[in-house]
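Novice: Take this structure first; my questions come after.
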Amino acid sequence: MKLAKNFLEFIEKRNGDRKDNEDIFLDQALYYELRHFRLPVIITVLTMLFGSLGYVIIDDFSILDAIYQTGITFTTVGFGEIAPISPLGRIFTITLIILGFGVFTLAVGTVVNVATSGEITNIIKVRRMLHSIARIKRHFVLYYLNEFTIEIAENLKRNHIPFIVIDPSPDLEAKAKKLKFPYYFQAEPHTELAIKRANLGMAKGVITLSDKEADNIALIVSVRLFESEYRKNNPFQIISSSKSSVSAEKLRKLGANSVVVPTSLTAQRISTMAISPDLENLLESFLYSNDTALDMEEVFVPKSSWVVLKRLHEVKLKTLLNVSVVGLRTKEGKFIAMPKRNNLITAESYLLLVGKIHDLKIAKKVVTKIHPPTELKL
């Protein structure tokens, strides 16, 4: 009785003692689903062993002949006898054929059952997606699929910025396929396992736009805790949304870099359209259109940058790279619009640059370097 109990426990055994939150690539889940094949394989091996020993004992076959005779008999291929078999051996052969048919029926039933359930297929599909996610870098993680997330994903896709969509809803796969998202998976966003599977350690930032404020709070706290443990010197950019200014301030205190209040933003846009329609059209075509060659970007000035404690006219970004500095934000948060040429650039400040997309990328690299470019020295 105890032996039978131990055997059944082995058949249903999981792979090792790993916890569920450590099963990042679903190795344990796949191993567990493959348990259905354990019993047919074990019975097949035991039947081959039983048949081989039977032919050796009953008809004095050699080991190789016994294995071969068992194989052709067990699989019912009908090749016949490779050597004369005694009457007792023939009775044994009939028993082996019946046993083989039963094992074959069990194996086919197991394969059909596993195939119709679809569990292994789903696990393999998710594993393939997770392995693809593990190879991307400098991506954004979008949490909670809704109208805002869909629009953001489309903009990121047009600008060739990698992103992952994570949502707990069961119909995420159908929606993601319809919207042609390259990377996605279903999970509770704030859990440790979801954070690991999103390859958050290599991500550029996080965007959480849940309708429920509690979800955004839980996610912001979880990401900052992950950051304190794994990325102390490279903080995430966290963007969220809120229904009111009071809630937005709470999210900022918890660790969000930027919090958008849709009602306030909509009111500002409508007011601009009413007061200055021409300005609104300009902003629409300049900031939000993908067709224009111009772009605007805020560039961070690290402590080690060569531009620290230099004046704007000394940096000569306009002359060297054809980009213009239209704004300067200090470390303390003070913003200077259209700064003068004598304005001093301090460490950990931000330069708001306008120019062509290609020139802005070069300017960002130049500003973050330790040594000034060769052209400036000349």
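Novice: What number of residues within the range 230-273 satisfy the criterion of being buried (at least 16 other Cβ atoms within 10 Å of the Cβ) and aromatic (Phe, Trp, Tyr)?
Specialist: 1
Novice: Still on this structure: Could you give me the residue pairs with C-beta distances under 7 Å whose first residue belongs to the range 107-129 and is under 17 Å from Leu172 (Cβ atoms), whose second residue is aromatic (Phe, Trp, Tyr) wherever it lies, and which are 6+ apart or on separate chains?
Specialist: The qualifying pairs are Val126/Phe185; Arg127/Phe25; Met129/Tyr183; Met129/Phe185.
Novice: Hey, another quick one. From the list Phe163, Phe226, exactly one residue is among the aromatic types (Phe, Trp, Tyr), surrounded by 15 or more Cβ atoms within 10 Å (Cβ to Cβ) and closer than 24 Å to Val261 by Cβ. Which is it?
Specialist: Being among the aromatic types (Phe, Trp, Tyr), surrounded by 15 or more Cβ atoms within 10 Å (Cβ to Cβ) and closer than 24 Å to Val261 by Cβ holds for just one of Phe163, Phe226, which is Phe163.
Novice: Which residue, of Ala107, Ala194, is within 13 Å of the chain's Cα centre (by Cα), surrounded by 15 or more Cβ atoms within 10 Å (Cβ to Cβ) and assigned to a helix (DSSP H, G or I)?
Specialist: Ala194
Novice: Quick check on the range 142-152. Is at least one of its residues of a type in the set (A, V, I, L, M, F, W, C) and in a loop (DSSP other than H, G, I, E, B)?
Specialist: Within the range 142-152, one or more residues are of a type in the set (A, V, I, L, M, F, W, C) and in a loop (DSSP other than H, G, I, E, B).
Novice: Also, I was wondering about something else. Which is hydrophobic (A, V, I, L, M, F, W, C), under 30 Å from Leu39 (Cα atoms) and not assigned by TED's automatic domain parsing to the domain that holds Tyr32, of Val165, Val112, Val126, Val108?
Specialist: Val126
The values are calculated or read from the model by the stated rules, or taken from the named source; none is laboratory data. What you see is a predicted model, and the numbers here were worked out from it, not measured in a lab. Using ideal geometry, Cβ is built from the backbone for each residue, glycine included, and neighbour counts are taken over all protein chains shown.
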